[in-house]
């Protein structure tokens, strides 16, 4: 726990529910995963009318920003089976990965502030190729609370609880080519009468 807390300054601002595991996979596994991702028919990220600079491939489900709903995607491929099992073990006994997003970032590409769609539950991210600054912010009165996690190559983060639902996150433009694989569970069904979250 002290190693995890040392990544945040000040430690008291660590978003609840955020877990970080350095060296989650081996260097050889990292290179194999990068090769698999680069072999995919990656497409520019589509956000409605907007086309992002990062290139992506979805498995299990994809979110259609024009229709504002989930759509079926290709099944999660076999080459991801081993790392999916590792991620599920890290998440705990009830963790079931239902969606995977593979992303390639060229130099100078990042992601703006956002929260993942409420259709998904816990979010895991595996960093490949180069480090990035994984930034968090949460509104506090007229200002923001801010935390930065230095996500190293081969590391895994988990966003659950407050870190998933209360904090926004972003990645500034990367200084070197980077790849990531995001693993998501599905959100638990809401009980009748429960308030729904915005998209």
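The values are calculated or read from the model by the stated rules, or taken from the named source; none is laboratory data. Note that this is a predicted model, so its numbers are computed, not measured. Because the Cβ atoms are built from the backbone with ideal geometry, glycine has one as well, and the counts that use them run over all protein chains shown.
Take region 40-55 and flag every residue that is surrounded by 10 or more Cβ atoms within 10 Å (Cβ to Cβ) and modelled with pLDDT of 60 or more.
Selection gives 40, 42, 43, 44, 45, 46, 47, 52, 53, 54, 55.
Taking the criterion of being in contact with a strand residue (DSSP E or B) (Cβ under 6 Å, 6 or more places away or on another chain) and farther than 25 Å from residue 23 by Cα, would at least one residue in region 72-92 satisfy it?
The answer is yes, given that some residue of region 72-92 is in contact with a strand residue (DSSP E or B) (Cβ under 6 Å, 6 or more places away or on another chain) and farther than 25 Å from residue 23 by Cα.
Touching a helix residue (DSSP H, G or I) at 6+ places or on another chain (Cβ under 7 Å) and at pLDDT 95 or above: is that true of residue 171 in this structure?
Numbers: touching a helix residue (DSSP H, G or I) at 6+ places or on another chain (Cβ under 7 Å): no; at pLDDT 95 or above: yes.
No: the conditions fail for residue 171.
Can you tell me how many residues within region 122-165 are closer than 24 Å to residue 176 by Cβ and not in a strand (DSSP E or B)?
7
Residues in region 122-150 that are crowded, with 19+ Cβ neighbours inside 10 Å and either in contact (Cβ under 8 Å) with a residue 60 or more places away in the chain or out of contact with any strand residue (DSSP E or B) (no Cβ under 6 Å at 6 or more places or on another chain) (or both): how many?
Looking only at that region, the number is 9.
Would you confirm whether any residue within region 4-13 is surrounded by 11 or more Cβ atoms within 10 Å (Cβ to Cβ), modelled with pLDDT under 80, more than 14 Å from residue 128 (Cα to Cα) and touching a helix residue (DSSP H, G or I) at 6+ places or on another chain (Cβ under 8 Å)? Before you say what the answer is, go through the steps one by one.
Keep residues of region 4-13 that are surrounded by 11 or more Cβ atoms within 10 Å (Cβ to Cβ), which gives 4-5, 7-9, 11, 13.
So of that shortlist, the ones also modelled with pLDDT under 80 come out as 4-5, 7-9, 11, 13.
Those left that are additionally more than 14 Å from residue 128 (Cα to Cα): 4-5, 7-9, 11, 13.
Adding the requirement that they be touching a helix residue (DSSP H, G or I) at 6+ places or on another chain (Cβ under 8 Å) leaves 5, 11.
Yes, because at least one residue in region 4-13 is surrounded by 11 or more Cβ atoms within 10 Å (Cβ to Cβ), modelled with pLDDT under 80, more than 14 Å from residue 128 (Cα to Cα) and touching a helix residue (DSSP H, G or I) at 6+ places or on another chain (Cβ under 8 Å).
Has region 61-74 got at least one residue that is in contact with a helix residue (DSSP H, G or I) (Cβ under 8 Å, 6 or more places away or on another chain) and either modelled with pLDDT of 95 or more or in a loop (DSSP other than H, G, I, E, B) (or both)?
First, pick out the residues of region 61-74 that are in contact with a helix residue (DSSP H, G or I) (Cβ under 8 Å, 6 or more places away or on another chain): none.
Scanning region 61-74, I find no residue that is in contact with a helix residue (DSSP H, G or I) (Cβ under 8 Å, 6 or more places away or on another chain) and either modelled with pLDDT of 95 or more or in a loop (DSSP other than H, G, I, E, B) (or both), so the answer is no.
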